[in-house]
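Novice: Before I ask anything, here is the structure I am working with.
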Amino acid sequence: MLEITTAERIIDTELERQVGRRAARETPVMQAIYRAFAARGEPVLVEDLLAAVPGMSRDEVASRVAALDEDDVIQTIDGRVEIAYPFAARPTPFIVRLAAGGERYACCAIDALGMAPMLGQRVEIVGPCYHCGAPLAFAATPDGPDPSGEGVIVWVGRRGEGEGRALTGHWTTLNFFRSEEHLRAWWEATPGVEGAAVPLVEGFKLGKRIFGDLLVGGA
């Protein structure tokens, strides 16, 4: 049976794991990565982090980056940080427009909702309805989504076996639906799918719990 529930009722192992990684997200190396993504939205060269964390040797920075990657806080490819949740350096279905201009890609619906409280600014979020593909656009402040997102539902699905990294299943398990009707139509046409649905404001609470205040003033 499909029900629309609250953030408190759907905190599962994966979301708790993300919340538990906050200490790693507050380290100097991770903060430098976040500030680079907030400023430019491009892949971050590990070499460039040396100047951003004075006092740390090249080997120390490389070791910290490797540990963050191992813990699935970031993802690196060929010496570049391509993912630093909630940011993605490459195009995704979830676009976040910053108050000062510019767009950043988010890894999923919850990550997009977490950017406003993370950066301490009003943002506009654009993403598709996962059922019909129609574009959705609404604003969010550090305190929550504004009325332009009324009626939008967030699906928080469970990742399948073998999906070891968070991003592996984000685009298919954490999504927006333009209405409860569209969510139910998709759910009825997708037998066996596991997860829960929450109103937009409850999805925002999940994003804020993971990313809130991590980089206030960093954009």
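The values are calculated or read from the model by the stated rules, or taken from the named source; none is laboratory data. Given the structure is predicted, the values throughout are model-derived calculations rather than measurements. Please note: Cβ atoms are built from the backbone with ideal geometry, for glycine as well, and neighbour counts cover all protein chains shown. Surface areas here come from the heavy atoms of the whole protein model, side chains and all, with no ligands, DNA or RNA. Shrake-Rupley method; radii C 1.70, N 1.55, O 1.52, S 1.80 Å.
Novice: If I go through the stretch 176-219 residue by residue, how many of them are open to solvent by less than 60 Å² (accessible area, probe 1.4 Å), in a helix (DSSP H, G or I) and not β-branched (Val, Ile, Thr)?
Specialist: Total meeting the criteria: 11.
Novice: Starting from the stretch 26-55, take each residue that is without any contact (Cβ under 8 Å) to a residue 40 or more places away in the chain and list its partners that are assigned to a loop (DSSP other than H, G, I, E, B) and surrounded by 15 or more Cβ atoms within 10 Å (Cβ to Cβ), counting only C-beta distances under 6 angstrom and pairs at least six apart or across chains.
Specialist: Pro28/Val53; Val29/Val53; Ala32/Val53
Novice: Let me ask something else. Consider only pairs whose beta carbons are under 8 Å apart and that are at least six residues apart or on different chains; among these, list those whose first residue lies in the stretch 86-102 and is more than 15 Å from Met118 (Cβ to Cβ) and touching a residue at least 40 places away in the same chain (Cβ under 8 Å) and whose second residue is hydrophobic (A, V, I, L, M, F, W, C) and not in a loop (DSSP other than H, G, I, E, B).
Specialist: Short answer, once both residue conditions are applied: Ala89/Phe37; Ala89/Val44; Ala89/Val81; Ala89/Ile83; Thr92/Ala106; Thr92/Trp171; Pro93/Trp171.
Novice: Scan the stretch 55-64 and tell me whether some residue there is open to solvent by less than 20 Å² (accessible area, probe 1.4 Å) and closer than 17 Å to Phe211 by Cα.
Specialist: To start, the set of residues in the stretch 55-64 that are open to solvent by less than 20 Å² (accessible area, probe 1.4 Å) comprises 61.
Narrowing the set further to residues that are closer than 17 Å to Phe211 by Cα leaves none.
The answer is no; no qualifying residue exists.
Novice: Quick check on Ala24: is it closer than 30 Å to Cys129 by Cβ and open to solvent by less than 70 Å² (accessible area, probe 1.4 Å)?
Specialist: The answer is no for Ala24.
Novice: Something else: Would you confirm, using the coordinates I've provided, whether Arg35 is modelled with pLDDT under 95, closer than 18 Å to Leu214 by Cβ and surrounded by 13 or more Cβ atoms within 10 Å (Cβ to Cβ)? Outline the logic, then answer.
Specialist: Working: modelled with pLDDT under 95: no; closer than 18 Å to Leu214 by Cβ: yes; surrounded by 13 or more Cβ atoms within 10 Å (Cβ to Cβ): yes.
Against the criterion (modelled with pLDDT under 95, closer than 18 Å to Leu214 by Cβ and surrounded by 13 or more Cβ atoms within 10 Å (Cβ to Cβ)), Arg35 does not qualify.
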